[in-house]
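One structure is given here, and the rest of the page talks about it.
The values are calculated or read from the model by the stated rules, or taken from the named source; none is laboratory data. Here the structure is a predicted model, which is why all the values come from computation and not from measurement. All Cβ positions, glycine included, derive from the backbone under ideal geometry; neighbour counts span all protein chains shown. The accessibility values were calculated without ligands, DNA or RNA, using every heavy atom of the protein model including side chains. Shrake-Rupley method; radii C 1.70, N 1.55, O 1.52, S 1.80 Å.
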Amino acid sequence: VPSPAQGVGPFYRPEGEKPTATVSKAVSFDNVHVLPQTPQLIALLTYGSPMIRDQNTPRADFIFYSNRIIRLLVEEGLNHLPVVENSVTTPVGRSYLGVKFQGKICGVSIMRAGEAMEQGLRDCCRSVRIGKILIQRDEETCQPKLFYDKLPADISQRWVLLLDPMFATGGSATMAVEVLISRGVPEERILFLNLIASPQGVADFAERFPKLRVVTAFIDQGLDEKKYIIPGLGDFGDRYYTL
Ligand code: PRP
Ligand code: URA
């Protein structure tokens, strides 16, 4: 099933003059939020230009452009945290009514690829605590295996930003969420930040965890016979760390 093609910005151009690009599939789950399909995001993700989907993109460029999308995801993810009113007095003696975040947060990365998202979170949330869960997908069976976790002791009191760029079958993310729930984190306080998702992974996850929110940059076409996302970008961890 092809992904939809639509005219992509800039917004002031008439519809017929916008270049056509493959954009994220739309989904109708209340708890799944896809980043706006702006020209910037599509250019950062696109295949055919030297960005992250192109198999020929050198590692340094892959890291640079992935980091830019990760930053967009973190900024959007923060919009899903609760805020309370907060009034300040400006240097000219006037009051300004704004908001401030309510509650404590932490990041949790699914190692190894999820660790690539930690810096983006640190850049937005100074000295944020970060827990780790090491889950690896078995290369033959594609089933996830849990090896290790190290989480903040008070994690059950925090909002958790769960980090993994790739969401294929959803097995790894599901296992990570089960670890978090077993440590007392309520499902509704988990926010999963993800770069590319498969439609079936998102649908299964939304059904299993209806109160957990997913923020993703792009929902792709599907999975291939090896359970890799298509068109996808290949093995994120390899491209970011070792290729
Ligand atoms: C990748 C990716 C996810 C998982 C997605 O990790 O980062 O954790 O696969 O697949 P799934 O949704 O079907 O579970 P992988 O286990 O390859 O390890 P890595 O992070 O070391 O590359
Ligand atoms: N892990 C990846 O890195 N990429 C995929 O497409 C699927 C799992």
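May I ask for the distance between the Cα centers of region 67-92 and region 203-234, given as a whole number of Å?
Each part's Cα centre sits 26 Å from the other's.
Keeping all protein chains in place, calculate the accessible area per residue for region 54-136 (probe 1.4 angstrom), answer in Å².
That works out to 58 Å² per residue.
State the answer as a single residue: which of Val88, Cys124, Val177 lies farthest towards the positive end of the charge dipole of region 81-191, with beta carbon charges of +1 for Lys and Arg and -1 for Asp and Glu, about the Cα centre.
About the Cα centre, the residue reaching furthest to the positive side is Val88.
Work out which GluC sites (Glu not before Pro) in the chain are exposed loop sites (DSSP not H, G, I, E or B, at most 14 other Cβ within 10 Å) and give the longest gap free of them.
Of all site-free stretches, the longest is 1-138.
What is the gain in length, in nm to one decimal, between Ile230 and Asn67 on full extension, counting 0.36 nm per residue of separation less the C-alpha to C-alpha distance?
Stretched out fully, the Ile230 to Asn67 stretch lengthens by 56.6 nm.
Under the definition of Cα pairs under 8 Å and six or more residues apart, what whole-number percent is the relative contact order of the chain?
Details: 462 pairs, mean separation 49.7, N = 243.
Averaging sequence separation for qualifying contacts and normalising by length gives 20 percent for the chain.
Using mean Cβ contacts within 10 Å as the protection proxy, how do 94-105, 145-156 order, highest first?
145-156, 94-105
Take the solvent-accessible surface of the protein heavy atoms, probe 1.4 Å, and return the percent of it on region 103-243 that carbon and sulfur atoms account for.
Carbon and sulfur together cover 47 percent of it.
If you keep only loop residues by DSSP, which chymotrypsin sites (Phe, Trp or Tyr not before Pro) in region 4-93 have at most 11 other Cβ atoms within 10 Å of their Cβ?
Working: sites: Phe11, Tyr12, Phe29, Tyr47, Phe62, Phe64, Tyr65; in loops: Phe11, Tyr12, Phe29, Tyr47.
The qualifying sites are Phe11, Tyr12.
At Gln157 and Glu17, where each label point lies 7 Å from the Cα along Cα→Cβ, what is the point-to-point distance in nanometres?
For the pair Gln157/Glu17, the computed spacing is 5.7 nm.
What number comes out for the charge environment of Asp154, summing +1 per Lys or Arg and -1 per Asp or Glu over other residues with Cβ under 12 Å away?
+4
Report, for region 90-243, the % of DSSP beta bridges that are antiparallel, rounded to 5.
25 percent
Along the positive direction of the dipole of the chain (beta-carbon charges: Lys, Arg +1; Asp, Glu -1; about the Cα centre), which of Thr141, Leu151, Gln102 reaches farthest?
Going by the charge dipole, the pick is Gln102.
Where in the chain are the DSSP H helices whose C-alpha atoms run 27 Å or more along the long axis and whose mean Kyte hydropathy is at least 0.0?
What comes out of the filter, once short or polar helices are dropped, is 59-78.
With Cβ to Cβ distances under 9 Å as the rule, what net charge do the other residues near Cys106 carry (K, R +1; D, E -1)?
Around Cys106, the charge tally is +2.
Using modelled amide H (1.01 Å from N, peptide plane; none on Pro or chain starts), what sits under 5 Å from the amide H of Asp54, excluding residues fewer than 5 places away?
Those qualifying (amide H under 5 Å, at least 5 residues apart or on another chain) are Gly48.
Just the number, please: carbon plus sulfur as a percent of the accessible area of region 59-100, 1.4 Å probe, no ligands or DNA/RNA counted.
Its accessible area is 52 percent carbon and sulfur atoms.
In debye to the nearest 20, how big a dipole does the chain give about its Cα centre with +1 on each Lys and Arg Cβ and -1 on each Asp and Glu Cβ? Write out the running numbers ahead of the final one.
Details: 27 positive and 27 negative charges, 164 e Å.
Taking the Cα centre of the chain as origin, the dipole is about 780 debye.
May I ask you to rank Ser28, Ser172 by accessible area, largest first, using a 1.4 Å probe over the protein chains only?
Descending order: Ser28, Ser172.
Whole-Hz Karplus ³J(HN,Hα) for region 235-240, in order, using 6.51 cos²θ - 1.76 cosθ + 1.60 and θ = phi - 60°, x for Gly and Pro?
Listing the rounded values in order: 8, 4, x, 4, 5, 7 Hz.
Scan region 172-243 for trypsin sites (Lys or Arg not before Pro) in coil per DSSP, keeping those whose Cβ has at most 13 other Cβ atoms within 10 Å, and list them by number.
Sparse-neighbourhood loop trypsin sites (Lys or Arg not before Pro): Lys211, Lys226.
For the chain, count all C-alpha to C-alpha pairs, find those more than 32 Å apart, and express that count as a whole percent of the total.
Values: 6530 of 29403 pairs.
Here the tail beyond 32 Å accounts for 22 percent of pairs.
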